[in-house]
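Since the structure comes first, as structure tokens, the remarks are kept for the end.
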Amino acid sequence: MNVNFTGPDLCECVNREDRWMGLPMASLIYAAPDTDTLSRFRHIAPFAALDQKDRDSLLADARPAVALAGTVFAGDKQRSKSLFVVLEGTVSLFRKLPNGRRCLIEISDGPCLIGEASLFEDRLPPLEAQALNRVVLLELPASTVVRCLRHSPAAQLRMLGYMSARLKRLIAQIADLKLMTGPQRLAHFIILLLERSGDVHSAQLPFEKRTLAALLGMTPESLSRAFRRLGGLGVSTAAGGNLVVADIEQLRKFIETEIVA
């Protein structure tokens, strides 16, 4: 699931008393590499296209780490020189705005990459990242990654394919924000949750409603009105963020119809 929103991330941070934009900030927990982590890395494009020598070179410089929920990592001056490979877990990717707020670019499930664009254009402001749950990752020196890519045209093409797919997702998200009303965006989000859970009648909200409102480009009040609008289509919420949907096809038809909220 990859989506756009602006506003504060509401995850509780842990581990350290430092502050980041008014929030407590946690640290990455570095650990010794284990066989499972290294094995998963070898199967992630574009690294699967590297020959054994280059993969071994990358892994020799890799720093395996765990980020607990709320940990902010990537994006500072030092870590902008790193590529983060998220093997497991969910992260939010965002940029700081001049007014001190954050504009969240997307939410991504592992496996995914953080900082791949900065490998080729160091003038780009680096994306920052925050773990939304327990995240297992590898931190790789950007210089080592670039050196290995130079040796492998196949790996270069796979990296280009990865970046192109991310761009297409972001373009689709912008189109959704421009073309859909608030209730339609909520209906679309619920459909994605149902399809992901494999149950067409029930799903669990992955965020607090305040975060969901920001995720969909809405205020909390607008989100409440959108839920009331979808209530007429058989959508209800229970304690704990559980969603119950009477008929997913009604939601699909609702999205396809032009609605003025």
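Scanning segment 34-93 for residues that are small (Gly, Ala, Ser), closer than 20 Å to Val146 by Cα and in contact with a Gly (Cβ under 8 Å, 6 or more places away or on another chain) yields Ala45, Ala74, Ser80, Ser82.
Identify all residues within segment 53-77 that are of a type in the set (Ser, Thr, Tyr) and assigned to a loop (DSSP other than H, G, I, E, B); write none if there are none. Quick ask: steps written out before the conclusion?
Filtering segment 53-77 down to residues of a type in the set (Ser, Thr, Tyr) leaves 57, 71.
Matches in segment 53-77: Thr71 only.
Going through (1) surrounded by 18 or more Cβ atoms within 10 Å (Cβ to Cβ); (2) of a type in the set (A, V, I, L, M, F, W, C); (3) within 25 Å of Leu223 (Cβ to Cβ) one by one, Leu177 falls short only on (1).
Taking the conditions (1) modelled with pLDDT of 90 or more; (2) within 15 Å of the chain's Cα centre (by Cα); (3) among the hydrophobic types (A, V, I, L, M, F, W, C) in turn, Met159 satisfies each one other than (2).
Please state which one of Ala172, Ala129 is closer than 28 Å to Pro33 by Cβ, out of contact with any helix residue (DSSP H, G or I) (no Cβ under 8 Å at 6 or more places or on another chain) and either without any contact (Cβ under 8 Å) to a residue 24 or more places away in the chain or buried (at least 19 other Cβ atoms within 10 Å of the Cβ) (or both).
Working: Ala172 fails: closer than 28 Å to Pro33 by Cβ.
The conditions single out Ala129.
Do any strands (runs of 3 or more DSSP E) entirely within segment 88-146 hold 2 or more residues that are among the hydrophobic types (A, V, I, L, M, F, W, C) and at pLDDT 80 or above, and if so, which? Can you show your working first?
On the way: elements: 90-96, 102-109, 112-114, 128-131, 135-141.
Hits in segment 88-146: 90-96, 112-114, 128-131, 135-141.
The values are calculated or read from the model by the stated rules, or taken from the named source; none is laboratory data. Small disclaimer: the values here were computed from a predicted structure and weren't measured. Methodologically, a virtual Cβ is constructed for each residue, glycine included, from the backbone with ideal geometry; neighbour enumeration extends over all protein chains shown.
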